[in-house]
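Here the structure is laid out as structure tokens; the discussion comes afterwards.
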Amino acid sequence: MENKRMNDRNITGVILLVEDDPNILDANRRILESCGLTVLCAATLGEARKWLKSEKPDIAVLDIMLPDGDGIAFLPELRKERKIPALFLTGKSSDEERIQGLRAGGNDYITKPYKIDEFCARVEAALRWELDKRNDIPDTITKGALTLKINLGAAFLNGADLLLSKKEYALLLVLVQNESKEFFAGELYEMVWGTTMNENPSSLRNAVYRLRSKIEGSGYTVRNVYGEGYCFEKE
């Protein structure tokens, strides 16, 4: 009944499921897929890292005790790649362990054994929260004379299209959404290009140079940060 109820709400999404017990992994995969969800299965943190490089999960369900590490310790790394809800699904059931998981940033903590309908309901709640949050993202971002139209993937200065390339727009969007935050160059490159900066270190530098020139007069600029980084801020 719970699976049908979830389908009736037309909830769709991608779940990263990290679990080293093959029976539990397969059972939960089938449960979530029957709800109409796409499931990325990983038996280790190494496999989870590979999924994060190639896919964009909406939420993660993490075991804590894994062959190559600890799910709680992995959470900051996950959030660096994807700022998404994470549910711990584990056999560690003491109050102290539950509190540790929640304080570490887990959105929920489910202990084994668990009821299937409760598992589905908690996954649904986390997924709905994430999707609702995304729907609240404004379609237009304005910074001084600079306007970004999210649905168009374009930026305008005093109403004139800046004719940014896809990479220039993606870079500007990350910077604008994180005004005043100082990014390391490598960190920013990975967010926009999706790979390490070692492959082409000049691409980011050139893109920043072009952006800085194109948004001149907007009241904002991209400042060079000591130590080879960048920050979007008011001039």
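Each reported figure results from applying straightforward, stated rules to the coordinates on display, with no laboratory input. Values in this document were obtained by computation on a predicted structure and should not be read as measured data. No Cβ is skipped: glycine too gets one built from the backbone with ideal geometry, and neighbour counts run over all protein chains shown.
Looking at the chain, what % of its DSSP beta bridges pair antiparallel, to the nearest 5?
Working: 20 of 36 bridges.
Around 55 percent of the beta bridges assigned by DSSP in the chain are antiparallel ones.
For n ≥ 4 DSSP H runs only, could you compute -39500 (n - 2.57) per run for the chain, divide by its residues and tell me the 222 nm figure to the nearest 500? Write out the running numbers ahead of the final one.
Values: 9 runs with 105 residues, N = 235.
After summing the helix terms and dividing by the residues of the chain, the value is -14000 deg cm²/dmol.
With a point put 7 Å past each Cα toward its Cβ, work out how far Ser34 is from Arg223 in nm, to one decimal.
5.6
Compare Glu187, Glu96, Glu216 in a GNM of the chain, Cα atoms joined below 10 Å, and give the one with the largest fluctuation.
So, out of Glu187, Glu96, Glu216, the one fluctuating most is Glu96.
Among Thr196, Leu146, Asn178, whose Cα projects farthest towards the positive end of the dipole of the chain, with charges put on the beta-carbon of Lys, Arg (+1) and Asp, Glu (-1)?
The one lying farthest along the dipole's positive direction is Leu146.
In the structure displayed, which of Lys83/Lys115; Lys83/Lys112; Lys50/Lys214; Lys50/Lys112 lie more than 31 Å apart, Cα to Cα? Let's see the in-between values first.
Values: Lys83/Lys115 27 Å; Lys83/Lys112 26 Å; Lys50/Lys214 36 Å; Lys50/Lys112 26 Å.
Lys50/Lys214, as the Cα separations exceed 31 Å there.
Which ³J(HN,Hα) values, rounded to whole Hz and listed in residue order, are derived for region 187-192 from phi using the Karplus coefficients 6.51, -1.76 and 1.60 in 6.51 cos²θ - 1.76 cosθ + 1.60 with θ = phi - 60°, glycine and proline given as x?
5, 5, 4, 5, 5, 9
Would you please give the residues with an amide H less than 5 Å from that of Val225, counting only those at least 5 places away or on a separate chain, with H modeled from the backbone geometry?
Here the answer is Tyr230, Cys231, since their amide H atoms fall under 5 Å of that of Val225.
With angles folded into 0 to 90 degrees, how steeply does helix 201-214 sit against the dominant principal axis of the chain? Use alpha carbons for both and round to 10.
Once rounded, one gets 60 degrees.
Can you list the HN-Hα couplings for region 39-52, worked out from phi with the Karplus curve (6.51, -1.76, 1.60; θ = phi - 60°), rounded to whole Hz and with x for Gly and Pro?
10, 9, 9, 9, 9, 9, 5, x, 5, 4, 4, 5, 4, 5
May I ask you to work out the translational diffusion coefficient for region 60-185 at 4 °C, viscosity 1.567 mPa s, via Stokes-Einstein with Rh from the Kirkwood sum over Cα pairs, reported in whole µm²/s?
Working: Rh = 17.5 Å.
Answer, rounded: 74 µm²/s.
Given q = 0.12 Å⁻¹, what are the Debye log10 I(q)/I(0) values for the chain, with equal point scatterers placed on the Cα positions and solvent ignored?
Values, matching the q order: -0.78.
So how tilted is helix 166-177 from the main axis of the chain? Cα-based, degrees 0 to 90, rounded to 10.
Helix 166-177 and the main axis of the chain meet at about 80 degrees.
Taking Cα pairs under 8 Å and at least six residues apart, what relative contact order does the chain come out at, in percent? It would help to have the intermediate numbers written out before the result.
Working: 342 pairs, mean separation 30.1, N = 235.
In percent, rounded to a whole number, it is 13.
Could you quote the convex hull projected area for region 128-208, Cα atoms only and averaged over all directions, in nm²? Don't skip to the answer; put the middle values down first.
Values: hull surface 25.2 nm².
With the hull built on Cα positions only, its mean projection is 6.3 nm².
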